[in-house]
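Participant: Submitted below is the structure of interest, expressed as structure tokens.
The values are calculated or read from the model by the stated rules, or taken from the named source; none is laboratory data. On a predicted model such as this, the values are computed, not experimentally measured, just so you know. Note that we place each Cβ from the backbone using ideal geometry, even for glycine, and neighbour counts take in every protein chain shown. Please note that ligands, DNA and RNA were not included when accessible areas were found on the heavy atoms of the full protein model with its side chains. Shrake-Rupley method; radii C 1.70, N 1.55, O 1.52, S 1.80 Å.
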Amino acid sequence: LPFFKKKNDPTRSREYLFALLINHGLIQGAVWSVANNHPQVLATGPGVTWDDSSENSLITACDQTLSEAARALDKSGKLQPDKVILGLPSDWLKDDKIAPPQQQLLRSLFSKLALKAMGYVINSEAVVRFIQHTENLPPTAILLGFSPTIIEVNFTKLGRTMGTHIVKRSSRVVDDVLAGLSRFLPQDMLPSRI
């Protein structure tokens with residue numbers, strides 16, 4: 001049957017997409033695809049620093065890491081995905097939507113690099129889903145996200161984010177983490193797992 005042949009046709013080309021992990025001061029790209037109904041990361045680009053605010057810095061850093069990821073997969077340079085899934089820091093959202101200043105940054109990025117956004121996920125929520133998937137249990141834990149300028153402290157209970165606090169980094173990382181944890185008090189008990 002013609003429709004069956006198209007569905008299982010091995011000559012059909014595989015779709016490649018970019019993934020772009022945006023953090024405060026650091027960006028990393030990857031190329032991924034779906035094989036046998038499972039996503040697979042095929043190549044990653046280096047982590048590239050950016051100034052955490054300007055459009056030009058964001059575009060330059062994203063272009064560099066995505067170009068390196070594509071080149072790592074295909075040295076000929078013919079592979080040029082145009083669809084991208086974003087991983088965003090939690091403070092880029094306001095009322096469950098991307099905040100207007102960050103929307104403008106992303107619009108410029110998509111326009112300059114000719115990318116189509118397919119969706120986004122909050123970085124800490126993606127980590128929670130990954131832990132739940134690998135352990136088959138919803139995690140109860142404190143998640144720490146380290147960037148060059150901030151530490152993100154996330155309290156997750158039974159797979160649900162109870163809160164996230166951003167702490168500016170100092171030279172004393174332990175004190176920064178304690179400052180973030182103290183913002184969750186009073187609690188009966190914080191998770192023992194970090």
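Participant: Only one of the values (1) 1.01; (2) 1.17; (3) 1.61 was calculated from this structure for Cα Rg over 2.2 N^0.38 Å; name its label.
Facilitator: Label of the calculated value: (2).
Participant: Let me ask another. Quick one: among Pro148, Pro81, Pro101, which has the greatest mean-square fluctuation in a GNM of the chain with alpha-carbon springs under 10 angstrom?
Facilitator: With Cα springs under 10 Å in the chain, the top fluctuation among Pro148, Pro81, Pro101 is at Pro101.
Participant: Please go through the residue pairs Lys97/Lys157; Lys112/Lys168; Lys78/Lys116; Lys75/Lys97; Lys78/Lys112 and name each one whose alpha carbons sit more than 27 Å apart in this structure.
Facilitator: Details: Lys97/Lys157 23 Å; Lys112/Lys168 31 Å; Lys78/Lys116 18 Å; Lys75/Lys97 37 Å; Lys78/Lys112 19 Å.
From Lys97/Lys157; Lys112/Lys168; Lys78/Lys116; Lys75/Lys97; Lys78/Lys112, over 27 Å: Lys112/Lys168; Lys75/Lys97.
Participant: Further question: Can you tell which of Ser76, Ser57, Ser171 shows the greatest fluctuation in a Gaussian network model of the chain with Cα springs below 10 Å?
Facilitator: Comparing Ser76, Ser57, Ser171 in the GNM, the peak value goes to Ser171.
Participant: Next question, about the same structure. Which percent, to the nearest 5, of DSSP beta bridges fully inside region 1-160 are antiparallel?
Facilitator: 70
Participant: Of the trypsin sites (Lys or Arg not before Pro) in region 67-143, which ones lie in a loop per DSSP and count no more than 16 other C-beta atoms within 10 Å?
Facilitator: When the trypsin sites (Lys or Arg not before Pro) of region 67-143 are filtered for loop state and at most 16 Cβ neighbours within 10 Å, Lys75, Lys78 remain.
Participant: Oh, and also: For the chain, report the accessible area per residue in Å² (1.4 Å probe, heavy atoms, rounded to an integer).
Facilitator: On a per-residue basis, the chain sits at 63 Å².
Participant: With contacts defined as alpha carbon pairs under 8 Å and 6 or more residues apart, what's the relative contact order of the chain in percent? Display every interim value, and only then the final one.
Facilitator: On the way: 329 pairs, mean separation 29.7, N = 194.
Reported as a whole number, the value is 15 percent.
Participant: Using a Gaussian network for the chain with springs between C-alpha atoms less than 10 Å apart, which of these wobbles most: Ala35, Ala141, Ala179?
Facilitator: Its mean-square fluctuation being the largest, the pick is Ala35.
Participant: Continuing with this model, one more query. Return the loop-located trypsin sites (Lys or Arg not before Pro) in region 135-192 (DSSP other than H, G, I, E, B) with at most 14 other Cβ atoms within 10 Å of their own Cβ; answer none if there are none.
Facilitator: Arg172, Arg183
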